[in-house]
1. Where Rh is the Kirkwood radius over the Cα pairs of region A:56-114, the temperature 4 °C and the viscosity 1.567 mPa s, what D in µm²/s does Stokes-Einstein return?
2. Residue-wise, which Karplus ³J(HN,Hα) couplings in Hz belong to region B:41-58, taking 6.51 cos²θ - 1.76 cosθ + 1.60, θ = phi - 60°, and x for glycine or proline?
3. Which ³J(HN,Hα) values in Hz, rounded to whole numbers, follow from the phi angles of region A:19-33 under the Karplus curve 6.51 cos²θ - 1.76 cosθ + 1.60, where θ = phi - 60° and Gly and Pro get x?
4. Quick check: convex hull of the Cα atoms in region A:1-52, volume per residue, rounded to a whole Å³?
5. Could you order peptides A:9-15, A:101-107, A:22-28 by the average number of other Cβ atoms within 10 Å of their residues, highest first?
6. When the Cα centres of region B:58-84 and region A:1-52 are compared, how far apart do they sit, in Å?
7. Put one equal scatterer on each alpha carbon of the protein assembly as shown, apply the Debye formula with no solvent term, and list log10 I(q)/I(0) at q = 0.09, 0.10, 0.18 1/Å to two decimals.
8. What average count of beta carbons from other chains do you get within 10 Å of the Cβ of residues in A:36-47?
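Rule-based calculations on the coordinates, nothing more; no lab input. Source: prediction; values computed, not measured. Cβ: placed from backbone, ideal geometry, glycine included. Neighbour counts: every protein chain shown.
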Amino acid sequence: KAGVTQTPRYLIKTRGQQVTLSCSPISGHRSVSWYQQTPGQGLQFLFEYFSETQRNKGNFPGRFSGRQFSNSRSEMNVSTLELGDSALYLCASSLRWGALETQYFGPGTRLLVL
Amino acid sequence: AQKVTQAQTEISVVEKEDVTLDCVYETRDTTYYLFWYKQPPSGELVFLIRRNSFDEQNEISGRYSWNFQKSTSSFNFTITASQVVDSAVYFCALSEPNAGNNRKLIWGLGTSLAVNP
C-alpha cells in the first residue's frame, strides 16, 4: 500500500506570498492532519480533517487554513508568509479521526521563506 | 497540564551498544495513548508503537523494546545492539481525547540518537 505523499517536497517563497501544500493520504484513510515542525517549537498541530470537515484545530493564526476533498486528499494554505513560517510541514493520515487513532506521516514539505 | 518530557536531547553511542530513550508524561486522563515515532534524516516520521493506558505489558519487536510504567508515568524505549541505521530523532507522544473525541496529541521535543560505527 502506498504511504502518505506530499507535494512539493521543497519550496522557497518570499515574505508576503502565499503557498499551498498538498497531501494524499494512505488509500482508505479518511482523516488528514497537518503539523508544523521547527527546531525551536518542535511539532505543533495545525488542524485535522475528516470527511471534508475540519474536526480539530491547533493554535495557529487564521493565515493558516486547510481543506479536504471528497477523495480525502487535503491541501494546506498559508497566506501572507512570514519568515517564521519557515518549517517542515508534515501531513499525517489515519483511518478515522480522533485521539485514539494511529497517524501515519508523509515525508513533509520543507518551506523556506526569504 | 498534559506534557511529554524527553530529557535526553542528544545521545551518541557506538554501534552494538544498547541505548534507552526516556519518555515521561503528565496527564490527568485515565484513557490515553502513548506513541513512539522515528524521524530519520529524510524527515518522514515513522510510526513505531502505540500503547494504550490500560495495557502495561512491555513489548519487544526485534531489537526494539518498550517499557511502560504507569506508576512512574514513563514509556521508555530501548534499542538493543544499536546499528548505524538507527540514527534518527525519536519522538514520544501522548494522545488523549478532548471533549467530542477531538485529537490532542502532545509531542516531546525528541531525542537525537547518533550511532557511530
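1. Here the translational diffusion coefficient equals 98 µm²/s.
2. Couplings: x, 5, x, 6, 7, 9, 5, 10, 7, 10, 9, 8, 5, 9, 10, 9, 5, 6 Hz.
3. 9, 10, 10, 10, 9, 10, x, 4, 4, x, 7, 10, 10, 10, 10
4. Cα convex hull per residue, to the nearest whole number: 115 Å³.
5. A:101-107, A:22-28, A:9-15
6. 29 Å
7. -0.37, -0.46, -1.38
8. Shielding by partners across A:36-47 averages 3.
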